[in-house]
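This report refers to the structure that appears directly beneath it.
Laboratory data are not the source of any read-out in this text; all were calculated from the coordinates shown. Just so we're clear, the structure is a prediction, and the values are computed from it rather than from any experiment. Glycine also receives a Cβ, built like all others from the backbone with ideal geometry; neighbour counts cover every protein chain displayed.
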Amino acid sequence: MFRTGKLTVAVTALLALTGGVLGVSAAAASQPSTAVTGETYVIGTDTTFAPFEYREDGELTGIDMDLIRGIAANQGFTVEIKSLGFDAALQALQSNQVDGVIAGMSITDERKLVFDFSDPYFDSGVQMAVAEGNTEITKYADLAGETVVAKRGSEGETFANSIKNEYNFTVKALADSATMYDDVKAGNSVAVFDDYPVLAYGINQNNGLKSVTEKEQGSSYGFAVNKGQNPELLAAFNIGLAELKSGGEYQEILDTYLDAPAASKDTSFFGLLSDSLPALMKGLGLTLLATALSIVIALVLGVLFGFFKVSESRVLRGLASVYVSIFRGTPLLVQAFFFYFGLPQLTGQSIDVLTAGVLTLSLNAGAYMTEIVRGGIQSVDPGQTEAGRSLGLGYVMTMRRVVLPQAVKIMTPSFINQFVMTLKDTSLLAVIGFAELTYQGQQIYASNFRTGETLLIVAALYFIVINLLTMLSNQLDKRFNK
Ligand code: GLN
């Protein structure tokens, strides 16, 4: 519960009112669980796990989404949904970045050690599927010597691992269903292990797969909160679920999604382009925002630590060296995970995704900027400083009037280079759920399974923007520096 404002109270009141008028939640109105009333909870979910969560025209929809929204309305709280991916959602829950997870998440004994689960709301189980045209794999024994794919951190992965020695195959883990299915269709993996209702739904929507084995006995799905956290939310979920069941809404939700007819969408490239462009543009906006913020902060850090590096003081030089070696000596991806998932666990303070992203990118780029500034200053012939000093100018004046104007000219191409790198690096923030361009692309192909074409569009957008900005920067460089 990160935000409780007047607005949420008003929204809740409105919902309660409409509920009352429509006679929807009469039972709820008589015994509301007041602990959650007016609260806003952040809920993490998978990117695509149709029919439980997926996007329809950019909007998150599906059984889980209708269920959590229905229960929230019934119990008088508000939800803010974060589509993070399955594994990332569980990580986010563990580090209290989200208050709860609903993601077709199986209630398992192992998970019960770290999470508290609601009452089960759907029975599921793992099943194997292969590419539609595959006639060779019909049972587990046919997997000998082959590679199969499953979702990282999922029950499907656990199950595949539990039988891989017996049947002598290799298990590879990917983060989301769309890339998993693509992997099978491309022939990189011969089979996928996923939950049977999800496979059945996908096959029904012509995703190019078919199931060949019986489903395995599996566990049920539950809504999860971090162990010992938000018990009132869990309680409200259970009451809401029971009421949606007795009121018939639960069954209605299931019927809506489980009986969905096969999709008949515009399958042309231009159809895809026009469907996806609005979301991609939104992503591009965030990409540019994160880049701009990060580059400005990085510039400040770079100038500061760059001067430290050429200073007379050993302490300042040492400080700058430590900073540079930490951020240059660890991968950006690890830094992003650390700031978003790790730091909150260590400090108990949650951090929003833009802040974590900008922190990562600016500290990282700042380290490279430091080296650019140091290199620039040091590449100016020491004779220039001597000349300045012998003309009677002080250190600061010599720097400002003699050294820096020359250094800046030398540094500019490297600055432009760093700027372009930072812009491209924003794409890594997709892994922490920052809704930039790459993330938007992933969300799109996660639900339409047109990975290749979507990635082409995403790449083209990066290409156009980066080249335009490079041209502009070079133009400015010529104007001011030559
Ligand atoms: N039910 C599976 C699990 O909990 C998979 C969930 C998912 O992929 N979203 O492990």
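Each of Asp255 and Phe270 was given a label point 7 Å from its Cα along the Cα-to-Cβ line. The distance between the two points is 4.1 nm. Rounded to the nearest 20 debye, the dipole size of region 303-401 about its Cα centre is 220 debye, using +1 on the Cβ of Lys and Arg and -1 on the Cβ of Asp and Glu.
Inverting the pair-averaged 1/r between distinct Cα atoms of region 29-165 gives 17.0 Å as its Kirkwood hydrodynamic radius.
Taking the highest mean first, how do the peptides 357-364, 267-274, 180-187 order by number of other beta carbon atoms within 10 angstrom per residue? Please list the in-between numbers first.
Numbers: 357-364: 24.5, 267-274: 12.2, 180-187: 19.4.
Top of the packing list down: 357-364, 180-187, 267-274.
Quick one: pull the percentage of alpha-carbon pairs in the chain with a separation above 32 Å. Within the chain, distances greater than 32 Å cover 51 percent of Cα pairs.
Across the chain, C-alpha contacts under 8 Å between residues 6 or more apart give a mean separation that, scaled by the residue count, equals a relative contact order of 17 percent. Of all lysines in the structure, those lying under 22 Å Cα to Cα from Lys409, and not within fewer than 8 positions of it along the same chain, are Lys309, Lys478, Lys482.
With the highest mean first, a sort of the peptides 445-453, 107-115, 40-48 on other beta-carbon atoms found within 10 angstrom per residue produces 40-48, 445-453, 107-115. Measuring against 23 Å, Cα to Cα, the residue pairs Lys164/Lys215; Lys82/Lys210; Lys185/Lys215; Lys185/Lys282 contain Lys82/Lys210; Lys185/Lys282 as the ones spanning a longer distance.
How would you rank 86-98, 332-344, highest first, on the average number of other Cβ atoms within 10 Å across their residues? Mind showing how you got there, number by number?
Details: 86-98: 23.5, 332-344: 18.6.
Highest to lowest by the protection proxy: 86-98, 332-344.
Extension gain, Thr108 to Asn481: 0.36 nm times the residue separation minus the Cα-Cα distance gives 127.9 nm.
To the nearest 10 degrees, how steep is helix 451-481 against the longest Cα principal axis of the chain, on a 0 to 90 scale? Roughly 20 degrees between the two axes. Helix 269-310 and the longest principal axis of the C-alpha atoms of the chain enclose an angle of approximately 40°.
Taking the Cα centre of region 374-434 as origin and assigning +1 to Lys and Arg Cβ atoms and -1 to Asp and Glu Cβ atoms, the resulting dipole is close to 140 debye. Each of Thr170, Thr40, Gln418 was placed along the dipole of the chain (beta-carbon charges, centred on the mean Cα), and the one lying farthest toward the positive end is Gln418.
Using the Cβ-Cβ distance between Thr34 and Ser220 with R0 = 41 Å, the FRET efficiency computed as 1/(1 + (r/R0)^6) comes to roughly 0.90. A simple spin-label model places the labels of Arg401 and Val296 3.2 nm from each other, with each point 7 Å out along Cα-to-Cβ.
Counting Lys and Arg as +1 and Asp and Glu as -1, each charge on the Cβ, what is the dipole of the chain about the Cα centre in debye, to the nearest 20? Before the final figure, lay out each step's value.
Numbers: 33 positive and 47 negative charges, 622 e Å.
My answer is approximately 2980 debye.
Once the Cα atoms are used to define both axes, helix 249-258 deviates from the longest principal axis of the chain by about 70 degrees. Over region 362-466, the ratio between the Cα radius of gyration and 2.2 N^0.38 Å evaluates to 1.66.
Beyond 22 Å, what share of the Cα-Cα pairs of region 330-422 remains, rounded to the nearest whole percent?
Values: 2072 of 4278 pairs.
Summing the P(r) of region 330-422 above 22 Å gives 48 percent of all pairs.
Across region 109-156, the convex hull enclosing all Cα atoms gives 129 Å³ per residue.
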